[in-house]
Structure formats: C-alpha cells, structure tokens
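Report on the structure given below.
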Amino acid sequence: MAQLGKARVPTDPEIKRLFSAAKLSQHARRNIALLAFSYRLGFRAKEIAALRIKDVVDDSGRLRDELQLSASMTKGGKPRFAYLTNPAVRTALKDYIEDRREREGILFNLDAPLFRSQKGNHFSPNTMQQLLRRLHDRAGIVGGRSHSGRRWFATELISKGIDLKAVSVLMGHSSVAMTARYAEDNPQRLRRIAAEV
C-alpha cells in the first residue's frame, strides 16, 4: 500500500485532465512544457527549476536530443543524462521556446532560466513545487503534488516491462532498490496484478 504523505500517482484520465487544464491556464505553453518534464521525463521540481535554455537548445537554436543534469541540479548530487526524444516533450518544448523567442525578441538569451515565473524570475525549487501543486489542484487531482509526475513516470515504465536498471538510470537513482519502491507501492499496478491471478 502507498505510504501516507507520498504524492499520489494520477490515473490516465486524471493526467489528461491535468494537461487539458494546463492548456487553459494563463501561462499555458510554459505549464505544459514543465508538466512534460515531470510526467514524461521524471524530473524533480528542483531539476525543472534549475534548467536553463542552453540545456535544451544548442547554439544554432535547435532542440537537443539529450541534456545533462549536473550534480548541483540533482537531489543526490549525481549527474545524469536525460533524453529529449519523447515526441510529446519535444512538441511542448518547441512550442514553449518559440513562444519565448517571440515574446522576448532580441532579449531571448540561452543563459536564461528555461522556466520563468509570472514576474519573469527563475523558479526556486520551492516555488516550482508550489506551481506543480496548484496545477494538480486546478485539475482536481486530490493528493497530486510535484512528485506525482516523477512517480507516474517510474511506475509507467515499470508497468510496460522496462527493466529496473534502465528505469533506475533514467530516474538518477543510486540503486535499483530505490527504483523498486516505485513498483512496490503503486496501488493501480497492484490492483491490475491481483486481477490477473
């Protein structure tokens, strides 16, 4: 059973509702892109907040296929690579970057934070957590928090049969045992398994 206090893993209909609600929000393209990093790449709020435009766009303005999270960006101080190959992530990121370029014009700067707050500042890890929680609340996802996307990403990969070692690498975990916890406490996955016995 899921431990109390953990971010809940939303159902597929809830995730559709979350992205639909984000499309109607004031900063729709930004919010869809940051949700893509959470749900499609398994990023922590701290990691999303730390991103710079140059992490995802090369000097010629093209989206990168991979990015490296430095040790200072991650929770455990362990650098890792993330792959920007998911079509949903690429589309969301491309739309958001194009929107930024249009709005900022000559002020568009590759060294700038990838995600900016309403006031134009970078997000702190805490303010990014708050924004992700508000997005979940607006979509009516009870128990949805900043870590919900990360938990969904891990459990989705595991339920598709991706080996724990690969999931562990994508998550940036120091051990497969940590990744295994994502498989053990997902009630939806456990219900499906129990129904098949």
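Every number in this text was worked out from the coordinates using simple rules, so none of it is lab data. Since this is a predicted model, take the numbers as computed values, not measurements. Cβ sites come from the backbone with ideal geometry, for glycine too, and all protein chains shown count toward neighbours.
All of I97, I141, I162, I158 fail the test of being touching a helix residue (DSSP H, G or I) at 6+ places or on another chain (Cβ under 8 Å), part of a loop (DSSP other than H, G, I, E, B) and β-branched (V, I, T), apart from I141.
Residues checked against (1) of a type outside the set (A, V, I, L, M, F, W, C); (2) loosely packed, with under 12 Cβ neighbours inside 10 Å:
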| position | (1), (2) |
| --- | --- |
| E66 | yes, yes |
| F81 | no, yes |
| E98 | yes, yes |
| L107 | no, yes |
| L135 | no, no |
| H147 | yes, no |
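Residues in segment 145-171 that are under 13 Å from the mean Cα position of the chain (by Cα) and not hydrophobic (A, V, I, L, M, F, W, C): R145, S146, H147, S148, G149, R150, R151.
For (1) in contact (Cβ under 8 Å) with a residue 40 or more places away in the chain; (2) over 26 Å from P13 (Cα atoms), each residue gets a yes or a no:
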residue	(1), (2)
S124	yes, yes
R133	no, no
D137	no, no
V142	yes, no
H147	yes, no
V169	yes, yes
